[in-house]
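Have a look at the structure below, then the notes.
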Amino acid sequence: MLTTHYVPGAPNWLDLGAPDVDAAARFYAAVFGWTFHSAGPEGGGYGFFRLGGKTVAAVGPLTEEGAEPAWTVYFHTTDADAVCKAAEQAGGRVRTGPMDVFTAGRLAMLTDPTGADFAIWQPGDVPGLDVVMEPNTLCWTELYTTDVAMAKGFYRTVFHWSYHDVPTGGEVGYSLVSAPGGGVGEDTAQGGILQLQQMHLDAGSTSEWHPYFGVTDCDAAYEKAIGHGATVLIPPMNAPGVGRLAMVKDPAGAPFAVIKGDPSMT
């Protein structure tokens, strides 16, 4: 499960690239009750989503040429430069960085060999998110990929992840992801990897990471999101042994999911 006791390879930050930060702040305030706090004039429009005074995510304007609205998952590292080198050697691409963010930490933006964007965060003054695994906060990360074998090999090389394959009752397999030091299996998993099916590929789907936010009522959160301009990807559904989940795109087009229940437990 996710925790704020961050270890290398575990998710430790999450931010949203948005074409209109103010509009994004209004949407997520309506859905999750988050408040937006600007990083100040030197932040370039970047700011933090907070809940009960604790940082649960961040948001900023789109800065990369051709970038589309999306959530970016960051993974903890003690050496951003070394991770970037390992990623390039494993077939990935470093899009930005590594670079220092004042005294907060050091980051880099990368893309895995299947085309999924992600980032790394080497903490300075800011270890990572203040809270996870509580209602209206990050509780899971998931990679939809065009090539599971390639993706698993890449992240194993870069972050030394372990995988635990679990049955899904269908043709599509699911691999649970665990960072080193926490064991392998459902109880220690921080996320999952899932193969995109041919119909999704034919429809133009590409590899991407996306976040799951825990909620106390999946249907209510879904209705709030749709009522404030989100579009449907997956309507509320029961996932046996996992919980009730739904997936949407926010009004700008960034996908995310909501779930009632802890998806790392079966």
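The values are calculated or read from the model by the stated rules, or taken from the named source; none is laboratory data. As the structure is a prediction and not an experimental result, all values here were calculated from the model. Cβ coordinates were reconstructed from backbone atoms using ideal geometry, including for glycine residues, and neighbour counts include every protein chain displayed. Surface accessibility is based on the protein's heavy atoms, side chains included, excluding ligands, DNA and RNA. Shrake-Rupley method; radii C 1.70, N 1.55, O 1.52, S 1.80 Å.
Key figures
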item	result
With at most 15 other Cβ atoms within 10 Å, longest stretch of the chain clear of loop GluC sites (Glu not before Pro) (DSSP)	66-170
Cα-based Rg of segment 218-264 normalised by 2.2 N^0.38 Å, two decimals	1.09
Rounded accessible area per residue of segment 1-146, 1.4 Å, Å²	43 Å²
Ordering of 7-15, 240-248 by packing [mean C-beta count within 10 Å, highest first]	7-15, 240-248
Length-normalised contact order of the chain in % [C-alpha pairs under 8 Å, at least 6 apart]	19 percent
The chain: antiparallel DSSP beta bridges as a percent of all, rounded to 5	80 percent
Sites THR111 and ALA30 - FRET efficiency at Förster radius 30 Å, r taken between beta-carbons, to 0.05	0.40
Viscosity 0.692 mPa s, 37 °C: Kirkwood-radius Stokes-Einstein D of the chain over Cα pairs, µm²/s	177 µm²/s
Normalised alpha carbon radius of gyration of segment 31-135 [divisor 2.2 N^0.38 Å]	1.12
Modelled FRET efficiency - R0 35 Å, ASP202 with HIS5, Cβ distances, 0.05 increments	0.25
Radius of gyration, Dmax [segment 6-70; alpha carbons; angstrom]	12.3, 35
Lysine pair count for the chain [Cα-Cα under 19 Å; pairs on different chains or 8 or more apart]	4
Accessible surface of the chain, 1.4 Å probe, proportion on carbon and sulfur as whole %	53 percent
Förster radius 45 Å - calculated FRET efficiency between GLU134 and THR103, Cβ distance, rounded to 0.05	0.95
Segment 86-172, Rg to Rh (Cα coordinates; Rh as Kirkwood inverse mean 1/r)	1.02
Dimensionless Rg ratio for segment 95-238, taking C-alpha atoms and the 2.2 N^0.38 Å reference	1.16
